[in-house]
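Structure, as structure tokens:
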Amino acid sequence: MDDRYYDALETRTAEQREGTLMSRLPGLLEAAMRDAPGWARHLAGTDPRAVSSRKALAALPVLRKSELKELQEADPPFGGLTTVPPGKLSRLFMSPGPIFDPEGTSPDPWRTARALHAAGMRAGHVIQNSFGYHLTPGAWMVDAAARHIGCAVIPAGVGQTEQQIEAIRVLKPDAFVGAPSFLRIIVEKARETGMDISNLKRALLAAEALPPSLRAWFKEQGIETVLQWYGTADLGLVAYESEAMEGMILEESLILEIVRPGTGEPLPDGEVGEIVITSFNPAYPMIRFGTGDLSAVMPGASPCGRTNVRIRGWMGRADQTTKVRGMFVHPGQVDAVVKRHPEIRRARLVVAGEMAADTMTLRCEVEGAPEGLAGRIAESVREVTKLRGDVELVAPGSLPNDGKVIEDARSYA
């Protein structure tokens, strides 16, 4: 097999991949509902054998990350969503919230090895891991994957810049894994003190934005490969960049949906919406898990030869709930209004004015609107949100494709 690829799964046809994933869906649901009481409650009334297509999957409820804290408080520690008791897991984490995250016992439980491999890390390399090792799983996602592919790991963690530079100088890691901002601090400090860290030729970065200007700056400093990966504490690796640097490639064992924020409704490719993932993690299965992050599917396959779906990377947060005149308005309410009026192709609620003097306008893309439509939509807005708002009818294609259902344009000065 071509060493550029982690395994043959990365170059299979789209039909092969889809067929395999869909055929595994009934077994995933059956095991989750049998062994995890939280999933049995969440999917009550579902026949696992009937869920073997994207259409059937899309009919299931989305479980959003924002719900985890409440579920875990009601059924500690993991909301009844694990298939094994805590003592049979490998590690137990606590992320901000707090939200508790389990780690399974497989050799690469977060499936992060693909991202390391795509960034050029191979058996015998040394990796400086500068994600935090304290309570949260980020560092361990990398640590397990690196050791799985035969790399040695420097468990550097966060901070202690001068010690990290000394470790790079003496231990000569081939790659750095961590946040872009911290790598910049290390490079600048090494230049300032005259320390030689030229052995660092690769960087795999996450947790923050990586602007093109910063990526270019790293390369100017001699770091030849600078790539990103995207993951969450609930799912592990979701997607990663390859040397083509054209979008992020979905991890092979996941099912991706992009849904309209506030709903479970899948969007066409290219539309910006919430990332919803179905994961076949045997210890912590996730079925239509709403990450709360925005992205969009890119057309075609990556020039690197990997054939899986690509996304545009992290594009913001999907939870756009805002308060208007003392009342919360959320994306699901906007969707409820849209569903009452089939003439609306897309809608965006714009909240403007100054605090305590809010205005609310629902901008709706329609074509050939019948007389009185704006008034009927305004009545629906009032019934659903309990607030009065204006309605503006605009031509199809007028609204930005940025995933926003609610835009807060108020002045807070």
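Derivation of every value follows stated rules applied to the coordinates shown; laboratory data play no part. Given the structure is predicted, the values throughout are model-derived calculations rather than measurements. No Cβ is skipped: glycine too gets one built from the backbone with ideal geometry, and neighbour counts run over all protein chains shown.
Using Cβ point charges alone (K and R +1, D and E -1), the dipole size of region 322-408 about the Cα centre works out to roughly 280 debye. Placing unit charges on the Cβ atoms of the charged side chains and taking the dipole of the chain about its Cα centre, the candidate lying farthest along the positive direction among 352, 128, 61 is 61. Simple rule: put +1 on each Lys or Arg Cβ and -1 on each Asp or Glu Cβ in the chain, find the dipole, and look at 211, 150, 303; the Cα lying farthest toward the positive end is 150.
Put in line by how crowded their Cβ is, counting other Cβ atoms within 10 Å and starting with the fewest, 52, 90 read 90, 52.
Roughly how far apart, in whole Å, are the Cα centres of region 102-171 and region 190-265? Going from one Cα centre to the other spans 14 Å. Ranking of 99, 377 by neighbouring Cβ atoms within 10 Å, starting from the fewest: 99, 377. By the count of neighbouring beta-carbon atoms within 10 Å, fewest first, 193, 361 end up ordered 193, 361. In this structure, the amide hydrogen of residue 133, modeled 1.01 Å from its nitrogen in the peptide plane, lies closer than 5 angstrom to those of 158, counting only residues at least 5 positions away or on a different chain. With contacts taken as Cα pairs under 8 Å at a separation of at least 6 residues, the chain carries a relative contact order of 12 percent. Separation of region 364-413 and region 286-323, taken as the distance between their Cα centroids, equals 25 angstrom. Taking a straight line from the alpha carbon of residue 339, these lysines sit under 26 Å away, with near neighbours fewer than eight places off in the same chain left out: 55, 65, 323, 386, 404. Only Cα pairs under 8 Å and 6+ residues apart enter the sum, and on that basis the relative contact order of region 260-374 stands at 18 percent.
The HN-Hα couplings worked out from phi for region 15-29 by the Karplus form 6.51 cos²θ - 1.76 cosθ + 1.60 (θ = phi - 60°) are 5, 4, 5, 5, x, 5, 5, 5, 5, 8, 4, x, x, 4, 5 Hz, whole numbers, x standing for Gly and Pro.
For region 1-143, the relative contact order comes to 19 percent (Cα pairs under 8 Å, sequence separation of at least 6). Placing +1 on the Cβ of every Lys and Arg and -1 on the Cβ of every Asp and Glu, with no other charges, gives the chain a dipole of roughly 280 debye about its Cα centre.
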